[in-house]
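Enquirer: One structure is given below, represented as structure tokens, and several questions about it will come after.
The values are calculated or read from the model by the stated rules, or taken from the named source; none is laboratory data. Keep in mind the model is a prediction, meaning the values are calculated, not measured. Neighbour counts run over all protein chains shown; Cβ positions are idealised from the backbone, glycine included. The area values use the complete protein model at the heavy-atom level, side chains included, leaving out ligands, DNA and RNA. Shrake-Rupley method; radii C 1.70, N 1.55, O 1.52, S 1.80 Å.
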Amino acid sequence: QVQLVQSGGGLVQAGGSLRLSCAASGLTFSTYVMNWFRQAPGKEREFVAAIGRNGISTNYADFVKGRFIISRDNAKNTAYLQMNNLSPEDTAVYYCAARRWGATTPYSTYDYWGQGTQVTVSS
């Protein structure tokens, strides 16, 4: 049974930082492209960042470039999203997602999703 278990969300003041984790089990983690998405209240889910299987290739949405860093540790079967200089506009539920095929560009479908974690940024 494949599981993506997220942790690390919470409440932070504007300008602060948070790190999200996505721990995978039941799959060969190093063969999956890992992604982060977010969904704010009343809005559609949107792509945030992706990282290739070997951790070298990355892709970011324009609105997080220079602020967020995606990384992975294949030895720990875990992906991370380091979020810096957060603003209230970053408030959303954040999801990790795994995709077996393809690259770091956004796709319409993903193989597995995490349970989501709330990130709230106060002004």
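Enquirer: So for segment 54-66 (the condition being over 25 Å from SER108 (Cβ atoms), open to solvent by less than 60 Å² (accessible area, probe 1.4 Å) and either assigned to a strand (DSSP E or B) or at pLDDT 95 or above (or both)), does at least one residue qualify? I'd like the intermediate steps shown before the answer.
Expert: First pass over segment 54-66, keeping only residues over 25 Å from SER108 (Cβ atoms): 66.
Within this subset, residues satisfying the condition of being open to solvent by less than 60 Å² (accessible area, probe 1.4 Å) are none.
Checked against the condition, which is being over 25 Å from SER108 (Cβ atoms), open to solvent by less than 60 Å² (accessible area, probe 1.4 Å) and either assigned to a strand (DSSP E or B) or at pLDDT 95 or above (or both), segment 54-66 yields no hits at all.
Enquirer: Further question: Which condition from (1) open to solvent by 70 Å² or more (accessible area, probe 1.4 Å); (2) closer than 15 Å to ALA61 by Cα; (3) in contact with a Gly (Cβ under 8 Å, 6 or more places away or on another chain) is the one that TYR94 breaks?
Expert: Only one criterion in (1) open to solvent by 70 Å² or more (accessible area, probe 1.4 Å); (2) closer than 15 Å to ALA61 by Cα; (3) in contact with a Gly (Cβ under 8 Å, 6 or more places away or on another chain) is unmet by TYR94, namely (1).
Enquirer: Within segment 33-53, take every residue that is part of a strand (DSSP E or B) and in contact with a helix residue (DSSP H, G or I) (Cβ under 7 Å, 6 or more places away or on another chain) and give me the one that is nearest to THR105 (Cα to Cα).
Expert: At the first step, the residues of segment 33-53 found to be part of a strand (DSSP E or B) are 33-39, 46-51.
Now drop any that are not in contact with a helix residue (DSSP H, G or I) (Cβ under 7 Å, 6 or more places away or on another chain), which leaves 48-49.
Details: VAL48: 11, ALA49: 9 Å.
If we take residues in segment 33-53 being part of a strand (DSSP E or B) and in contact with a helix residue (DSSP H, G or I) (Cβ under 7 Å, 6 or more places away or on another chain), then ALA49 is nearest to THR105 (Cα to Cα).
Enquirer: Now for a separate question. Please determine whether any residue of segment 97-112 is on the phi < 0 side of the Ramachandran plot, of a type in the set (Lys, Arg) and not in a loop (DSSP other than H, G, I, E, B). Break it down stepwise before answering.
Expert: Quick first cut of segment 97-112, residues on the phi < 0 side of the Ramachandran plot only: 97-101, 103-112.
Remaining after also requiring of a type in the set (Lys, Arg): 99-100.
If we keep only those that are not in a loop (DSSP other than H, G, I, E, B) as well, we get 99.
Yes, segment 97-112 contains a residue that is on the phi < 0 side of the Ramachandran plot, of a type in the set (Lys, Arg) and not in a loop (DSSP other than H, G, I, E, B).
Enquirer: Is it the case that GLY42 is over 12 Å from THR78 (Cα atoms) and touching a residue at least 12 places away in the same chain (Cβ under 8 Å)? It would help to see each step written out before you state the result.
Expert: Numbers: over 12 Å from THR78 (Cα atoms): yes; touching a residue at least 12 places away in the same chain (Cβ under 8 Å): no.
When the stated conditions are applied, GLY42 does not pass them.
Enquirer: Which number in (1) under 12 Å from PHE37 (Cβ atoms); (2) at pLDDT 95 or above; (3) hydrophobic (A, V, I, L, M, F, W, C) marks the one condition that VAL121 misses?
Expert: Here VAL121 clears every test but (1).
Enquirer: Return yes when ARG38 is buried (at least 19 other Cβ atoms within 10 Å of the Cβ), under 14 Å from the mean Cα position of the chain (by Cα) and of a type in the set (D, E, K, R) and no when it is not. Even if it seems obvious, please write down each step before you answer.
Expert: Details: buried (at least 19 other Cβ atoms within 10 Å of the Cβ): yes; under 14 Å from the mean Cα position of the chain (by Cα): yes; of a type in the set (D, E, K, R): yes.
For ARG38, the condition - buried (at least 19 other Cβ atoms within 10 Å of the Cβ), under 14 Å from the mean Cα position of the chain (by Cα) and of a type in the set (D, E, K, R) - is met.
Enquirer: For segment 97-119, give me each residue that is under 21 Å from ASN54 (Cα atoms), of a type outside the set (Lys, Arg) and open to solvent by less than 50 Å² (accessible area, probe 1.4 Å).
Expert: Once the filter is applied, which keeps residues that are under 21 Å from ASN54 (Cα atoms), of a type outside the set (Lys, Arg) and open to solvent by less than 50 Å² (accessible area, probe 1.4 Å), segment 97-119 yields ALA97, ALA98, GLY102, THR104, TYR110, GLY114.
Enquirer: How many residues are within 24 Å of ALA14 (Cα to Cα) and in contact with a strand residue (DSSP E or B) (Cβ under 6 Å, 6 or more places away or on another chain) if we restrict to segment 65-78?
Expert: Number satisfying all stated conditions: 4.
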